[in-house]
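Notes follow once the structure below has been shown.
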Ligand SMILES: [Zn+2]
């Protein structure tokens, strides 16, 4: 039966489209994950830059302080009063101590930076490995998705040919029902519509069986037919002569 063939193609096509729905989702998920990983690397790089800035500031401060101490030490000899001399000497002492503290901070910062550089390097390597992995998986998903699309396209071509074989008013009816419920064509088995499980009037059932035509289920409005209309019972054949 032409309509049954058409419906078979439609069901197959729907199943393919449904199966292919996972691809855009999976690809978006990979891209999102990928973006998050790149963000993590960038955050580490930003931290490193920040520490580098701190170090430059600290180095500048140390240089400034040293310059100041040198200037003050030069002025020390010019001091007339003991009180002024002592005051300046104390200032110099404080500045030297501060410088020492900053120098220690600089050493610690240097250690921290070495660790941070290692972390950045490691994260970058991890990210690169992930990039390759993700790119490979994305290409795979794209291939599979294209494969599905090609199959669907092939089915669309076969569908056009199959639809041309269906009597136009029946095709129209099928298209109307199909938009609301699939399958749109169902069989009636032992008087029961296989679409809605309701009994059809016995007269209608008998007609379907004898004419092998189609009608409409009074309950669900699907197109109904006898099972034999879809898969005709093989005509009785004379048994092959055995020799
Ligand atoms: Zn029904």
Among the residues of region 214-228, write down those that are under 12 Å from residue 192 (Cβ atoms) and within 9 Å of the ligand (Cβ to nearest atom). 217, 219, 220, 224
Filter region 199-213 down to residues that are touching a helix residue (DSSP H, G or I) at 6+ places or on another chain (Cβ under 9 Å), without any contact (Cβ under 8 Å) to a residue 24 or more places away in the chain and within 16 Å of the ligand (Cβ to nearest atom), then give me how many there are. 2
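Each reported figure results from applying straightforward, stated rules to the coordinates on display, with no laboratory input. Remember, predicted model here, so these are calculated numbers, not experimental data. With ideal geometry, Cβ positions are generated from the backbone for all residues, glycine too; neighbour counts draw on all protein chains shown.
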